[in-house]
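All remarks here apply to the structure that follows.
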Amino acid sequence: MTSIAFLASLLIGCGNTASTTTTNNIDSTAALEEEKTADHKISEDKIKIAVIRNLPSDDHTKQFLDGAVSEGQALGYQVDTFISNGDDAKFQELVAQQIEKDYDGFIISHGKAEYSTEMLQPALNRGIKIVTFDTSFKDGVIPEGITSTAQDDYSLAKLSLDEIVARSANKPARVIKLWYGPGVPPLDRREEIYKQYEAEGKIETLELIGPSTLDDVQGEVSTRVSAILAKYPEGSVDAIWASWDEMAKGAYKALQDANRKDIKLISIDISNQDINLMTEQDSVWKATAAVDPRLIGMVNMRILAKKLKGEETPQTYDLAAHLIKQEDLNADTIMDTLKQVIPGWGESDAFNEPWMDELRSQNGK
């Protein structure tokens, strides 16, 4: 999560609601009255979308959902959101329930390879259009008709690890690694790059720390980092690499509590809370690599809109990553103003079409 996937926890509140929003309740959904026709005929003013995410309600999730909801509503759609808090069984049940409802399209986030193909086939059979984010499929084969999106996790890992190497006087850089997996697609992809940097002698892993579950990522990581810091005297650790910012927040607290100013914190993903911590006086949180999570939700909705319109869409799409350094940020920087200090942040015309602009205008957006 913009903002493990991934992972794990990564993610995920529904504070920014759609016309109907369901959070952590697999039995609650909008009451829908009309039967779906066999040809799945689309009417712009009656399109109904379900966004279903298999992560906790963290900052990254909230922003992702807000992006999907705001873009969908701007196009005149009804958008309902559901999260399963990283519970794979609940996630599959949520999807199965919504397949039986009158939805025209799905945005599916953080499904796993062992079940995603079988989980989504009934939806495809019904003519439901599907876009996925950070979702893996059986044998790596994306079912026909689905567009699979992701952050450019390889670039996210490279940007963050290059920053560790650049800021470390020691070669290899001595790193405490925060990671969760395997089984979380974005974190698994970031792990591939980490292993390359290890093999190339750019980094040396001193410790591997991660949460046992996604129930309390920050708290558990904070406790575990605190427990090992005494093993490493000042100057013996160059950096902590957090593959997901929920873990970074836990590590930051541990470092603050121990008054360890000698260890730099470099992460992946970003939120308003992260920015606040990065801009605190004498903060050790030096940089993070990220994709705007709100933009992810927006772009996924645009791709889905094109599918509903019968337009061509790619099988895969990766969203570009940015490196955000502590020195780039101002005291008043927030997610909404990050584009003022990070060129290109939160901006993309990807998959936008003139007819979408017309719908936004009609809906006053």
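Could you give the length gained on full extension between V141 and Y154, defined as 0.36 nm per residue of separation minus the Cα-Cα distance, in nm?
Values: separation 13, 0.36 × 13 = 4.68 nm, distance 1.95 nm.
Once the chain is fully extended between V141 and Y154, it gains 2.7 nm.
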Distance in nm between pseudo-label sites at K231 and A89 (7 Å out along the Cβ direction from Cα): 3.4
Cα-centre dipole for region 153-290 with unit charges at Cβ (Lys and Arg positive, Asp and Glu negative), debye to 20: 380
Could you grab the relative contact order for region 153-290? Cα pairs under 8 Å, six or more apart, rounded to a whole percent. 27
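Could you give the size of the charge dipole of the chain about its Cα centre, using +1 on the Cβ of each K and R and -1 on the Cβ of each D and E, expressed in debye and rounded to the nearest 20? Kindly include the intermediate steps, with their values, before the conclusion.
Working: 38 positive and 60 negative charges, 108 e Å.
Dipole magnitude for the chain comes out near 520 debye.
With the Cα gyration tensor of the chain in hand, convert its eigenvalues to equivalent ellipsoid semi-axes via √(5λ) and list them largest first in whole Å. Let's see the in-between values first.
Values: eigenvalues 277, 83, 62 Å².
They are 37, 20, 18 Å, listed from largest to smallest.
Any of K171/K286; K309/K339; K62/K249 with alpha carbons more than 21 Å apart? Name them for me.
Those over the limit are K309/K339.
For the residues R174, R190, R360, what sequence is obtained by ranking on other C-beta atoms within 10 Å, fewest first? Could the numbers behind the result be given before it?
On the way: R174 20, R190 31, R360 16.
Listing R174, R190, R360 from fewest to most nearby Cβ atoms yields R360, R174, R190.
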Once the in-chain neighbours fewer than 8 apart are removed, the lysines whose Cα is under 16 Å from K231 read K177, K261
The simple spin-label model distance between Q281 and Q362, using points 7 Å out along Cα→Cβ, in nm, is 5.6
Just the Cα atoms of region 153-290, one point each, no solvent: what log10 I(q)/I(0) does Debye give at q = 0.12, 0.14, 0.17 Å⁻¹? -0.40, -0.55, -0.85
Rounded to the nearest 5, what % of DSSP beta bridges with both residues in the chain are antiparallel? 10
Report the paramagnetic label zone for K171: residues of region 181-200 whose backbone N is under 15 Å from a point 7 Å from Cα along the Cα-to-Cβ axis. 200
Partners for K306 among lysines (Cα-Cα distance below 23 Å; same-chain residues under 8 apart left out): K36, K41, K46, K48, K101, K129, K365
Using alpha carbon centers only, region 51-116 is separated from region 137-151 by a whole-angstrom value of 16
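How large, in Å, is region 48-198 by the Kirkwood hydrodynamic radius built from its alpha-carbon pairs? Each step should come with its number before you reach the end.
Working: mean 1/r = 0.0593 Å⁻¹.
It works out to 16.8 Å.
Throughout, read-outs are computed from the coordinates displayed, never taken from laboratory work. On a predicted model such as this, the values are computed, not experimentally measured, just so you know. Cβ sites come from the backbone with ideal geometry, for glycine too, and all protein chains shown count toward neighbours.
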